[in-house]
Amino acid sequence: MATSPCSSSGVSSSSSSGLGADAGLEIRTRSVEQTLVPLVSQITTLINHKDKPKRSDKTLQAIQRVGQAVNLAVGRFVTVGEAIANENHELKEEMSVACIEARRAGETIAQLTDVASLDHPESDSHITIFTDKTGVVKAARLLLSSVTKVLVLADRIVIKQIITSRNKVLATMEQLEKVSSFQEFVQIFSQFGNEMVEFAHLTGDRQNDLKDEKKKARMAASRAVLEKCTMMLLTASKTCLRHPDCESARINKDGVFHRMRLALEQVIEIVTDSRPNGESEMAPISIYSGIKEFKNKVEGLRENLYFLSKENLSTMLEVILEHTEDFTDSAYTSHEHREHILELSKQAKMELEQLVSVWMQAQNQKTKDLMEDLEVAILKTCQCMNELKREVHSAATSLAADLLKYHTDHMVLKALKITGVEGNLEAVAEYTCKLSEQKEQLVEMCRLLRHVSGTEPLEITCIHAEDTFQVTGPQIISAAETLALHPSSKIAKENLEVFCEAWESQLSDMSLLLREINDVFEGRRGEKRVYLSLPRPGKHNANLKALKPVKLDSEEQAKIAKLGLELHLLTSDVDSETEKWEDQENEIVQHGQGMSSMAYSMYLFTRGEGLLKTTQDLFHQAEIFATEGTKLASALHALSDQVRDDDKPLLLLEAEKLISLCKQLQATAKASAQGKSATFTKVDACILKTRNVMTLLCQLLPLCCKLLRKNKAGNGCLKPAPPWKEDRIRSGTNARTPERRVETFGIKSLENHVTNMTFLESK
């Protein structure tokens, strides 16, 4: 299905001064939002300047510098916008209009703040910020609106890149489906691999840029499917080419292609914020979210007795109790849990009846006794819902723990491999029935866990896991049947191995997911961003032999356990520091949280858990971690422009330390390592250097928080924008990849300009 890029972001915020951009635009990415933050903040401060009767020459000069700085920065910003328009003709008209509006607004602000040379800025002969505040507000609105439009249009280009990349992948997939010779397949798959890596990088950047955590989790799930299916597609296609008349081999291959197409389509739906045929997304409601909303409504009665009807509350409870039937009707729920859930459901109805009775009386007569009775009824109702929540959580997690423990030996998969190689069709049929039973158990486990996951991202992860078991089970069966029909086929054996590994990997991920669900329930740990990314581009050799993934053995895990534990403690310290920040959207906080999340994944790797399965995964994660640290250092440099001169040297010194440590980690992660001993040494070095970065981060976060508070509380000073460096545009150009020229003038270039609009510090 062809999808056109749509408007993906915009502004829907306003300030007390009446500032606000086009209400029809909505910001959906962090890059656009964070680019606008300094502009909104500084212009708002300018408009809200104190109208004192006496103004010093210093104040007047400062205000004029603000206006000139705004105008110059906007002029440079517009130059980049016009360059984007020239390279993308389909956006040229819209971009040009937005650029003209931005330039006009910048010039107006410069004129209205031209007060330094006037002895009496309030005189009627010259309209200024003091005599025409409405004019400044209008100009500021126009500026914010037009700058946002330019950013949104630039963001469309990123979306267009992803769609173009997806279309390339789809076209090559169609060729792969039709090939009839190994030689042709090798050639096309090599091209397909490169296109998939490019698509992975584009979507990975987009995933990390999304503001909506739910969309981010869906994107991570889709990208994980594509990552696993790439290897499945390789072995399934080779098996089909080797055994062209085998029906089970064809079914196996078709299943992989179908799943990849669905995942590619979902990525585009997320990126363009659209659904096929215009249908709206109907996410299933979990018991947790239902109870949370119900309790909020009940507790809201303390403030307002009339904001909802008793029918609304009754309906909400009915929906929750209907969902509990997923537990009471499940064959896998224990008798004890089933009885407790039914008892609590009955009690919840009774508590609500009592609450409604007192509530209706309180509406007619608001006496002290009735209000006390209402408070008791509210507390009892909420307590009952908490007990119900605890019971369904216990039912789901105990079932999951039992099933995961029972299936850790992978006996059915091992039996399928053995009987397949023996060509024993009868035994294969027997074990495929057992695998189907196991699949049904695991699917039911995922459905119940979704109800108690606690957060939307974890809920989506449960849905993804359910889909994975649903699809992978039949694919293992078709791969096993193919091997049983061709027991001497090496490629059929390899194909079955790949699908079994995917099943085992998903079971391993379920153990981590169960732990995260328990952590959220017990309040031990908040949401952690999941970083899932495909490997870096690599050369695809002619025989298409995959690199053997290396895992740490138990002895190596024991050696590195202490270092891993230190890393774990540091992630907790960083999380504690980021939670102290008032502005959770601050760029420094965002980078800090991202680095903490990645460090936590690396800690889990030292325990043989988590999403990083092999040493190659760890090294790749270390590279991304180092890159994130470098971005944090850039944010520290930007902060140094805002703080007082006596605080600047310390901040810059810490930023340089961070850059140095990240470069060391990057070099270590990229260094080659041959052999088991060298690989373990490299793993040890990566964890050690990551720990060093995290130690510095623990010192940096409180320092930055302190400086920001100090800067906010103290007397600020007006500063002109830092000098524009033309080579910022050129630095993004890669002469060897002409099709990526658009990055020369992308969101990042525009970000640099608006970030440099540091005009006025709050007084």
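The values are calculated or read from the model by the stated rules, or taken from the named source; none is laboratory data. Since the model is a prediction, treat every value here as computed from it, not as a measurement. Here the Cβ is made from the backbone with ideal geometry for all residues, glycine too, and neighbour counts use every protein chain on show. Just so you know, the surface numbers come from the protein's heavy atoms only, side chains and all, with ligands and any DNA or RNA stripped out. Shrake-Rupley method; radii C 1.70, N 1.55, O 1.52, S 1.80 Å.
Hey, what's the Cα Rg ratio for the stretch 340-492 versus the globular rule of thumb, 2.2 N^0.38 Å?
Taking the Cα Rg and dividing by 2.2 N^0.38 Å, one obtains 1.70.
Stretched out fully, how many nm does the piece from HIS89 to SER572 gain, at 0.36 nm a residue minus the Cα gap?
169.0 nm
Which order do peptides 366-376, 217-227 fall in by mean Cβ count within 10 Å, highest first?
By packing density, highest mean first, the sequence is 217-227, 366-376.
With a 10 Å radius around each residue's Cβ, average the other Cβ atoms per peptide and rank 194-201, 167-174, 304-311, highest first.
Per-residue Cβ counts within 10 Å, averaged per peptide and sorted highest first, yield 194-201, 167-174, 304-311.
Packing-wise, with mean Cβ within 10 Å as the measure, how do 481-489, 675-683 rank, highest first?
481-489, 675-683
When the dipole is taken about the Cα centre of the stretch 375-522, and only Lys, Arg (+1) and Asp, Glu (-1) are charged at their Cβ, what size is it in debye, to the nearest 20?
For the stretch 375-522, the charge dipole is close to 120 debye.
Give me the net charge for the shell around ALA484: Cβ to Cβ below 14 angstrom, other residues only, Lys and Arg +1, Asp and Glu -1.
Result for the neighbourhood of ALA484: -3.
Across the stretch 160-272, how many lysine pairs, 8 or more positions apart or on different chains, have C-alpha atoms separated by under 18 Å? Please give the number.
Lysine pairs, 8 or more places apart or on different chains, close enough: 7.
For the stretch 176-271, what log10 I(q)/I(0) values come out of the Debye formula at q = 0.14, 0.15, 0.22 1/Å, with one point per alpha carbon and no solvent?
Ignoring solvent entirely, the Cα scatterers give -0.56, -0.63, -1.07.
Which whole number in µm²/s is D for the stretch 287-401 by Stokes-Einstein, with the Kirkwood Rh taken over Cα pairs at 10 °C and 1.306 mPa s?
Answer from the Stokes-Einstein relation: 107 µm²/s.
Of ILE463, ILE285, ILE84, which has the most accessible area with a 1.4 Å probe, and how do the rest follow in descending order?
ILE285, ILE463, ILE84
Send over the per residue convex hull volume for the stretch 554-711, Cα only, as a whole number of Å³.
Measuring per residue, one finds 91 Å³ for the Cα hull of the stretch 554-711.
List, in the order given, every pair from LYS389/LYS580; LYS417/LYS493; LYS559/LYS670; LYS414/LYS434 whose Cα-Cα distance in the structure shown is over 18 Å.
LYS389/LYS580; LYS559/LYS670
So between GLN187 and GLN584, what do we pick up on full extension, going 0.36 nm a residue minus the alpha carbon distance?
The GLN187-GLN584 span can extend by a further 138.1 nm.
Using a 1.4 angstrom probe, figure out how much accessible area the stretch 316-439 has per residue, in square angstrom, rounded to the nearest whole.
55
Probe radius 1.4 Å, ligands and nucleic acids ignored: give me the carbon and sulfur share of the accessible area of the stretch 287-401 as a rounded percent.
47
Let's see if you can work this out: charge +1 on each Lys and Arg Cβ, -1 on each Asp and Glu Cβ, no other charges. What is the dipole magnitude of the stretch 287-401 about its Cα centre, in debye to the nearest 20?
That gives the stretch 287-401 a dipole magnitude of about 320 debye.
So if we plug the beta-carbon distance of SER357 and GLN616 into 1/(1 + (r/R0)^6) with R0 = 60 Å, what FRET efficiency do we get, rounded to 0.05?
Taking R0 as 60 Å, the efficiency between SER357 and GLN616 is 0.40.
If Lys and Arg each add +1 and Asp and Glu each add -1, what is the summed charge of the other residues whose beta carbon sits under 11 Å from the beta carbon of PHE182?
+1
Estimate the FRET efficiency between LYS706 and ASP212 by the formula 1/(1 + (r/R0)^6), using the beta-carbon distance for r and 41 Å for R0, to the nearest 0.05.
About 0.85, to the nearest 0.05.
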